[in-house]
1. For segment A:6-17, enumerate the residues that are in a helix (DSSP H, G or I), without any contact (Cβ under 8 Å) to a residue 12 or more places away in the chain and over 14 Å from residue A:68 (Cα atoms).
2. Taking residue A:42 as meeting all but one of (1) surrounded by 12 or more Cβ atoms within 10 Å (Cβ to Cβ); (2) within 16 Å of DNA strand C (Cβ to nearest atom); (3) within 30 Å of residue B:19 (Cα to Cα), write down the number of the exception.
3. Of all the residues that make up segment B:48-70, how many are within 12 Å of another protein chain (Cβ to nearest Cβ) and under 11 Å from the mean Cα position of the chain (by Cα)?
4. Can you give me the number of residues within segment B:30-62 that are within 23 Å of residue A:83 (Cα to Cα) and in contact with a strand residue (DSSP E or B) (Cβ under 9 Å, 6 or more places away or on another chain)?
5. For segment A:52-64, does any single residue satisfy the condition of being more than 12 Å from DNA strand C (Cβ to nearest atom), in contact with a helix residue (DSSP H, G or I) (Cβ under 9 Å, 6 or more places away or on another chain) and in a helix (DSSP H, G or I)?
6. Select from segment B:18-32 the residues that are within 14 Å of DNA strand D (Cβ to nearest atom) and either under 19 Å from residue A:2 (Cβ atoms) or surrounded by 14 or more Cβ atoms within 10 Å (Cβ to Cβ) (or both) and write down the one among them that is nearest to the other protein chains (Cβ to nearest Cβ).
7. Among the residues of segment A:31-45, write down those that are in a helix (DSSP H, G or I) and out of contact with any helix residue (DSSP H, G or I) (no Cβ under 6 Å at 6 or more places or on another chain).
8. Based on this model, can you work out whether residue A:14 counts as within 14 Å of chain B (Cβ to nearest Cβ) and modelled with pLDDT of 95 or more?
DNA sequence: CAGTTATTTAGATATTTATCTAAATAACTA
DNA sequence: TAGTTATTTAGATAAATATCTAAATAACTG
């Protein structure tokens, strides 16, 4: 859960997650949406991957990122038990 | 949402939330549960308050903390929309 | 009132983090 | 193969954060 909360504790990363909810995107397409350098976006993607919130697949020159929502199940349950 | 994610991005604070789920507790009782100084716990409680995840009420010498789960509604919905 | 107890505030410090530029790696294309 | 494009890695830096000790504040108690 630690890496998941860490991943979500950043506005940019949450926006990336929201983008990937709509459709898979490669690193460059994601970076275009932000006024942040590509290396920084790459770093954010890495943190999202560490949390298993996104997966990546090399497609030729590009690296395509996808959202993995299954990992949110644990978070959902944690919140629900708090609400009893 | 920013302050909420920030509040939850810490093991100690999540544990405090879990403690308060069971019952209201004063600052000292909470601090007893951790190997962390009282000022540090006080600081964590402040961050939880900023996120509106807990409320506090002065009771004589003591300050009693309670969990506020209503604020989790937004988080829950955010996660659910990701899962579509 | 003086002393004790509960909690927070202040100030310091070490660690983590978000960001950048420059360079490296990898894959495509003429 | 040489050049171009896509992405990541490396290294640096400024800001945020978690923690501590010491001091301040507030409330109870004899």
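1. A:11
2. Tallying (1) surrounded by 12 or more Cβ atoms within 10 Å (Cβ to Cβ); (2) within 16 Å of DNA strand C (Cβ to nearest atom); (3) within 30 Å of residue B:19 (Cα to Cα), residue A:42 fails exactly one: (3).
3. Here is the first cut: in segment B:48-70, the ones within 12 Å of another protein chain (Cβ to nearest Cβ) are B:51, B:53-54, B:67-70.
Keeping just the survivors that are under 11 Å from the mean Cα position of the chain (by Cα) gives B:51, B:53-54, B:67-69.
Total meeting the criteria: 6.
4. Total meeting the criteria: 10.
5. no
6. Let us first name the residues in segment B:18-32 that are within 14 Å of DNA strand D (Cβ to nearest atom), namely B:26-28, B:30-32.
Applying the additional criterion that residues be either under 19 Å from residue A:2 (Cβ atoms) or surrounded by 14 or more Cβ atoms within 10 Å (Cβ to Cβ) (or both) yields B:26-27, B:30-31.
On the way: B:26: 20, B:27: 20, B:30: 16, B:31: 21 Å.
Here the answer is B:30.
7. Within segment A:31-45, the first condition is being in a helix (DSSP H, G or I), and the residues that meet it are A:31-32, A:38-45.
Listed by number, the residues that qualify are A:32, A:39, A:40, A:42, A:43, A:45.
8. Values: within 14 Å of chain B (Cβ to nearest Cβ): yes; modelled with pLDDT of 95 or more: yes.
In short, yes.
The values are calculated or read from the model by the stated rules, or taken from the named source; none is laboratory data. Quick caveat, the model's predicted, so the values are computed rather than measured. Note that we place each Cβ from the backbone using ideal geometry, even for glycine, and neighbour counts take in every protein chain shown.
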